[in-house]
Structure formats: C-alpha cells, structure tokens
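Enquirer: Below: one structure in structure tokens.
The values are calculated or read from the model by the stated rules, or taken from the named source; none is laboratory data. For clarity, every value in this text was computed on a predicted model and none was experimentally measured. Note that each Cβ is placed from the backbone with ideal geometry, even for glycine, and that neighbours are counted across all protein chains shown. Surface areas here come from the heavy atoms of the whole protein model, side chains and all, with no ligands, DNA or RNA. Shrake-Rupley method; radii C 1.70, N 1.55, O 1.52, S 1.80 Å.
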Amino acid sequence: MQPFDLVIRGGTVATATDSFKADVGIRGTTVAAIGEGLDKGKKEIDARGKLVLPGGVDSHSHIEQLSASGLMNADTFESATTAAAFGGTTTVISFAAQHVGMSLKTVVDEYHQYAERGAVVDYAFHMILADPREEVLAKEVPPLVKAGHASLKVFMTYDRLKVDDEQLLNVLQSARDNRAMVCVHAENHGMISWMGKRLVKHGYTAPKYHSISHPRVCEPEAFQRLIACAALVDQPIMIFHVSTAEGAAVIRKARGEGLKVFAETCPQYLFMTKTDLDKPGLEGGKWMFSPPAREASDQEALWQALALGDLQVISSDHAPYAYDKTGKLVAGKKSTFKQIPNGMPGLEARLPVVFDEMVSNGRFDVSKFVQWTSTEPAKIYGLYPRKGTLAIGSDADIAIWDPKKSVTFSDKMVKDRAGYTPWKGRTVKGWPTTVLLRGEVLVENDKLRAKPGSGQFLARKAGKAAEPLGRATLEFDPKRNFGAKLR
Ligand code: DUC
Ligand code: ZN
Ligand code: ZN
C-alpha cells in the first residue's frame, strides 16, 4: 500500500452525523482513510485539540458580479475566494448574471474567465435569468445545464432583474425539462417599490428606512406565490435568504404538504436586527442588504426553522460594495437609501460567526454546524459526496478548527475588497487555522498558500433535491383535465 501523502493526526473529526477522534489519511487529492493509529504520512499535521471538519460550502455568493445598473461589486474572484479560504470555506457557488438582452452563454463564458483567472477555492455557478426569453430557455439553457450549471436563479423584485409570474412559470418549466434546481429571491416587488417611494416622499431617506421599505408581509406573500407556481409545474425550488418568522411558517406549511421546497438563511438574519442600520449619516448603508435584517424574535424563529429542517442551509449572500464612490456611495454623500447598493461582505465571517454561536456557545452541536454550512448545500446542489463531507474518496477539502482561538473582527483584517466588516468589534471563539483544498494546504499560519486560478470549476448534475415529485396537479393530469396532454 502506498504511504499517505498527508496525515492529519489526533484531531476530532466531525461530519453531519458523527464526531469522533481519528486520523485522516490523504493520498493525492482525496481522503484515503479515516481511523485510529494510521501509518505515518509523508507529511503530518498535528491536530490534537482541534476539530477536523469538511471545508465549508457557501452556496450563495455574488462575486465579480455586475449589477443591473452597471455597478461592479468590490471583489474579484481572487479577493473573494481568498476571504472564503481564510474563513474555512473551500467551495463557493456564485452567479453568472444575465441582464436583459444578453446571451446567457456569453455571460457564463465571461464568468468562467473571471473565475479561472482568480479563484483559489473550487467553484460553480447558478445562472441568473433576468431575461428568460424563449430563445434563451429553448436554446441556451439545455446545453448549459448539461455543461454542469444545474441551477437557475430568478429575482421576484429589483426593477431591472425581476420576472413576472408568467416568466417565473417559464423558468420553472425549463428547469423541470432540463433537471435543474431553481433558486429564488422572493419578495413582493410592488410593496417594496410603493413603500420606498412613500418613505422618500415624506423625507425618510436614511439607511435605516431601508428596513421599513421591505414590509415583512412581502416575504410570505412572495413565498406563497412562488410555491404555488412551483407546485403547478411540479418543480423543486430553493428560497434564498429567509428573514422573517412568517416566511419560515409558509415554508413549513409547504413542506408539511410534501412539496419540495428548500430554503436558506444567512448569518445577518440570525445575528443582526433592523437597529444595526440606525447609524449617523449614511454609515447604516454598510448594513443595507435585501431582505433587510429584522427583529430579535425573527432570529429565534429562524434557528427554530433550521432545527426543524424547514431551512437546510446557512449561506453568506456575500455581496460586497466598498463604502465609497465605487460602491455604497455611488450616488454621493446625500443619497437616499433607495440609491445605496444592497449587500454586505460575508464569505470570510460566515463560518466563524455561526461556529461561535452553534458550537462555542452550545446552541447546537458541531455536526449540525457541518450539516447546515457544508453537507446540505453540497447535497442540494449536486456536489455531494465529492464536497460537503469527510469520507473515503471525498475531495480532501478540510478546515482544521482551533475551538479555543478568539478573534475580534476589525476592518483591517478583512481579505475581501469591501474595506470594512459589518461584524466589526464582535469577538468569536473558534477559528479555522489550517485549511486544505484537494489535499494541498490553502491557508496556514495566517498565510494563503495557493496561487490565483488554482480553484477548479465544479460541473454539477442536479441531485435528488431537484427531481420533481411526479405529482401531477389536476391541470396536468389528462384523466382530470379533459384529456389535455401538456407534458
Ligand atoms: N440582496 C440581494 O438580493 N442580492 C445581493 C445582496 C443583497 O443584499
Ligand atoms: Zn437575493
Ligand atoms: Zn444574493
């Protein structure tokens, strides 16, 4: 038997189901053995007193992405994935963002180029459809899904991105025909637009009013409409960034009816509230993301929804804009909240802030942490078991966590290019001190060891999650619809 190239010795290994003391033996790029007293490796890492976890999978991150108004976000693939690596994340799913009039294929080719140039962790793309015209759905989506882009994303709000109900149905049908997951930013557009105009007209223009301009009800309303459309088509969906207790309740009901509705939340909804936006001047703009942070009671409801399995994933929704003319202040120092781009950096902080609460503070155990931040996203998006677990044959993407290391977030530590962290001043206990990607050291002793472009594209086939239920609604059942054959 060949010797191991690397043995991680003496740590506590945790997966989504178990945690136990074991050595991990790596040959080449994959895990070759997990057990006690493994033979010596060519290299060894001493993990005594540490947790040995699968690298994080962040399935919602906006990287080097052009907004509909033509604003590029602050990160390149190099800076964003470096931030991810330092925070223990070894796989990201970001977006290839189509805007109206664009060819989807051209867009995907461009994002491939950006990522090939800079990524230091492995990556895949969700394809954003802002213009799901017939030719795009008929000619571009099928070969792109076959090429490994097994998820589509649509927005139900934002002026230049949103799809109406008929377009949404077309996208859901296209995903069903091609076997892909559909991810949705689901908020009621009319309510947001109407409230925003009313607030500004009355002079309420500060960033804190952003949170009021997204009425709570715009979430359950959009979720219900989306779920009804998905059920009509019989297409599984992923609801992005759930922020309210009412939204989570709608998801619970749908799942109780057996519908394939998956959902995520993000650290900002678990740890921030609307009062975080209440800062002097435009400073609160740093905490402006959509949907907005809500109330402390929503945080409890979201933890409960995770515990019950109604939400399965904690992603970052990393969307960095610098606090200057290139980003948050693009419309100047007198802008209204409507003119400030939405989004906050989150790739680096996602795992440490969640680990601190779940593992260090004991809200849940380390297996649940692994489940929601690595295993479930890998399963739902067709990356498992190559990613998302530590098993024989899995990629050796490993984050070695020091559960005793305390870190206080500061602007100067950030690796992304937003230039600030919305977690500034927060102290967390537990930090990934050594991170491996496919058996190679990625981060060690606070240094990045990988070269830009060393991350690999992950071609994905949709997993079980994206399989339709096979339950025909009356309208699609020839026995009940006067014989119409619509499939
Ligand atoms: N909201 C989004 O819909 N996308 C990016 C970030 C944000 O805040
Ligand atoms: Zn969104
Ligand atoms: Zn997003």
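Enquirer: Over 28 Å, how big is the tail of the calculated P(r) for the range 153-289, in percent of all Cα pairs?
Expert: The calculated P(r) of the range 153-289 puts 22 percent of pairs beyond 28 Å.
Enquirer: In the calculated pair distance distribution of the range 286-326, what percentage of Cα-Cα distances lie above 15 Å?
Expert: The calculated P(r) of the range 286-326 puts 58 percent of pairs beyond 15 Å.
Enquirer: Right, next: For the range 232-309, what number results from the quotient of the Cα radius of gyration and 2.2 N^0.38 Å?
Expert: Values: Rg = 14.4 Å, N = 78, 2.2 N^0.38 = 11.5 Å.
Here the Cα radius of gyration is 1.25 times the empirical estimate.
Enquirer: Given a 1.4 angstrom probe, what's the average accessible area per residue across the range 313-411, in square angstrom? Could you put the intermediate results ahead of the total?
Expert: Numbers: 3190 Å² over 99 residues.
Result: 32 Å² of accessible area for each residue.
Enquirer: Also, I was wondering about something else. Using only the C-alpha atoms of the range 439-487, find the volume of their convex hull and express it per residue in Å³.
Expert: Convex hull of Cα atoms, per residue: 149 Å³.
Enquirer: Calculated from DSSP H runs of 4 or more alone, at -39500 (n - 2.57) each and per residue, what is the 222 nm mean residue ellipticity of the chain, nearest 500?
Expert: Result for the chain, helices only: -7500 deg cm²/dmol.
Enquirer: Let me ask you something else. Could you check how much of the accessible area of the chain is carbon and sulfur, as a whole percent, using a 1.4 Å probe?
Expert: About 52 percent, which is the carbon plus sulfur part of the accessible surface.
Enquirer: Using the beta-carbon distance between residue 391 and residue 197 and R0 = 51 Å, what value does 1/(1 + (r/R0)^6) give for FRET efficiency, to the nearest 0.05?
Expert: So, using R0 = 51 Å, E works out to roughly 0.45.
Enquirer: Take the Cα radius of gyration of the range 303-424 and divide it by 2.2 N^0.38 Å, with N its residue count; two decimals is plenty.
Expert: Rg over 2.2 N^0.38 Å, computed on Cα atoms: 1.27.
Enquirer: In Å and from the alpha-carbon atoms only, list the Rg and Dmax of the range 40-176.
Expert: 17.8, 61
Enquirer: If eta is 0.890 mPa s and T is 25 °C, what Stokes-Einstein diffusion coefficient results for the range 29-91, Kirkwood Rh from Cα pairs, in µm²/s?
Expert: Working: Rh = 15.1 Å.
My calculation gives 162 µm²/s for D.
Enquirer: Related question: With each label point set 7 Å from Cα along the Cα-Cβ vector, what nm distance links residue 217 and residue 165?
Expert: Computed distance between label sites residue 217 and residue 165 equals 1.7 nm.
Enquirer: Evaluate E = 1/(1 + (r/R0)^6) for residue 69 and residue 297, where r is the Cβ-Cβ distance and R0 equals 35 Å; express this FRET efficiency to the nearest 0.05.
Expert: So, using R0 = 35 Å, E works out to roughly 0.55.
Enquirer: Got a sec? What order do 179, 350 fall in by accessible area at 1.4 Å, biggest, i.e. largest, first?
Expert: 179, 350
Enquirer: On to the next question. For the range 372-487, compute Rg over Rh where Rg is the Cα radius of gyration and Rh is the Kirkwood radius from the inverse mean 1/r over Cα pairs.
Expert: Details: Rg = 22.2 Å, Rh = 18.4 Å.
When Rh is taken as the Kirkwood radius, the ratio is 1.21.
Enquirer: Around residue 181, which amide H atoms from residues at least 5 apart in sequence, or from another chain, sit under 5 Å from its own amide H, with H modelled in the peptide plane?
Expert: For residue 181, the qualifying residues are 151, 152.
Enquirer: By how many nm would the segment from residue 134 to residue 426 grow when fully extended, if each residue of separation counts as 0.36 nm and the alpha-carbon distance is taken off?
Expert: Contour length minus Cα-Cα distance gives 100.3 nm.
Enquirer: Over the heavy atoms of residue 20, what accessible area does a 1.4 Å probe trace out, to the nearest 10 Å²?
Expert: 80 Å²
Enquirer: Bin by bin, in steps of 10 Å, what percent of the Cα pairs in the range 109-171 do you find, going until the bin that has the longest distance?
Expert: Bin by bin from 0 Å, the calculated values are 19, 46, 28, 7.
Enquirer: May I ask you to evaluate 6.51 cos²θ - 1.76 cosθ + 1.60, the Karplus curve with θ = phi - 60°, for each residue of the range 394-403 and list the ³J(HN,Hα) values in order in whole Hz, giving x for glycine and proline?
Expert: Taking θ as phi minus 60°, the curve returns 6, 4, 7, 9, 9, 10, 9, 9, 8, x Hz for the range 394-403.
Enquirer: Output the Kirkwood hydrodynamic radius of the range 53-130, Cα pairs only, in Å rounded to one decimal.
Expert: 12.7 Å
Enquirer: Return a whole-number percent for the relative contact order of the range 229-354, with Cα pairs under 8 Å and 6 or more residues apart as the contact set.
Expert: Once normalised by length, the contact order is 26 percent.
Enquirer: Using the Karplus curve 6.51 cos²θ - 1.76 cosθ + 1.60 with θ = phi - 60°, what ³J(HN,Hα) values do you get for each residue of the range 52-59, in whole Hz, with x for Gly and Pro?
Expert: 10, 10, x, x, x, 10, 9, 8
Enquirer: Oh, and also: Roughly what percent of Cα-Cα pairs across the range 201-355 reach past 27 Å?
Expert: Of the Cα pairs, 27 percent sit more than 27 Å apart.
Enquirer: Here is a follow-up. Quickly rank 474-487, 286-299, 374-387 as a protection proxy: mean count of other C-beta atoms within 10 Å, highest first.
Expert: Per-residue Cβ counts within 10 Å, averaged per peptide and sorted highest first, yield 374-387, 286-299, 474-487.
Enquirer: In addition: In this model, which of 50/464; 162/338; 153/464 are farther than 25 Å apart at the alpha-carbon? Before the final figure, lay out each step's value.
Expert: On the way: 50/464 34 Å; 162/338 17 Å; 153/464 18 Å.
Beyond 25 Å: 50/464.
Enquirer: Quick one: if you stick a label point 7 Å off each Cα along the C-beta vector at residue 474 and residue 304, how many nm between them?
Expert: Placing both labels 7 Å beyond Cα along the Cβ direction yields 3.4 nm.
Enquirer: Would you please report the Å³ per residue occupied by the convex hull of the alpha carbon atoms in the range 221-264? Present the calculation step by step, with values, prior to reporting the outcome.
Expert: Values: hull volume 2.5 nm³, N = 44.
Residue-normalised Cα hull volume stands at 58 Å³.
Enquirer: Okay, moving on. When ligands, DNA and RNA are left out and all protein chains stay put, how many square angstrom of accessible area per residue does the range 243-285 have with a 1.4 Å probe?
Expert: Accessible area per residue: 35 Å².
Enquirer: Contact order normalised by length for the range 314-406, with contacts defined as Cα pairs under 8 Å and 6 or more residues apart; what percent is it?
Expert: 18 percent
Enquirer: Next up: Which whole-number percentage describes the relative contact order of the chain, with Cα contacts under 8 Å and a sequence gap of 6 or more?
Expert: Details: 1194 pairs, mean separation 105.2, N = 487.
Worked out over the chain, it gives 22 percent.
Enquirer: From the alpha carbon gyration tensor of the chain, can you work out the equivalent ellipsoid semi-axes (sqrt of 5 times each eigenvalue) and give them in Å, largest to smallest?
Expert: Largest first, the chain gives 35, 28, 21 Å.
Enquirer: So, for the range 443-484, what is the accessible surface per residue at a probe of 1.4 Å, expressed in square angstrom?
Expert: Counting only protein heavy atoms, the per-residue value for the range 443-484 is 68 Å².
Enquirer: Right, here's the next one. For the range 336-398, just the Cα atoms, rotate onto the principal axes and tell me the three extents in Å, largest first.
Expert: Here the spans come out as 53, 30, 18 Å, largest first.
Enquirer: Report residue 159's accessible area, 1.4 Å probe, all protein chains in place, as a number in Å² to the nearest 10.
Expert: The value for residue 159 is about 110 Å².
Enquirer: Over the alpha carbons of the range 152-231, what is the largest minus smallest coordinate on each principal axis, giving the biggest first in Å?
Expert: 48, 22, 18
Enquirer: Next question, about the same structure. How do the peptides 461-471, 424-434, 225-235, 113-123 rank, highest first, by the average count of neighbouring beta carbon atoms within 10 Å per residue?
Expert: Values: 461-471: 14.8, 424-434: 18.0, 225-235: 19.8, 113-123: 21.8.
In decreasing order of mean packing, 461-471, 424-434, 225-235, 113-123 become 113-123, 225-235, 424-434, 461-471.
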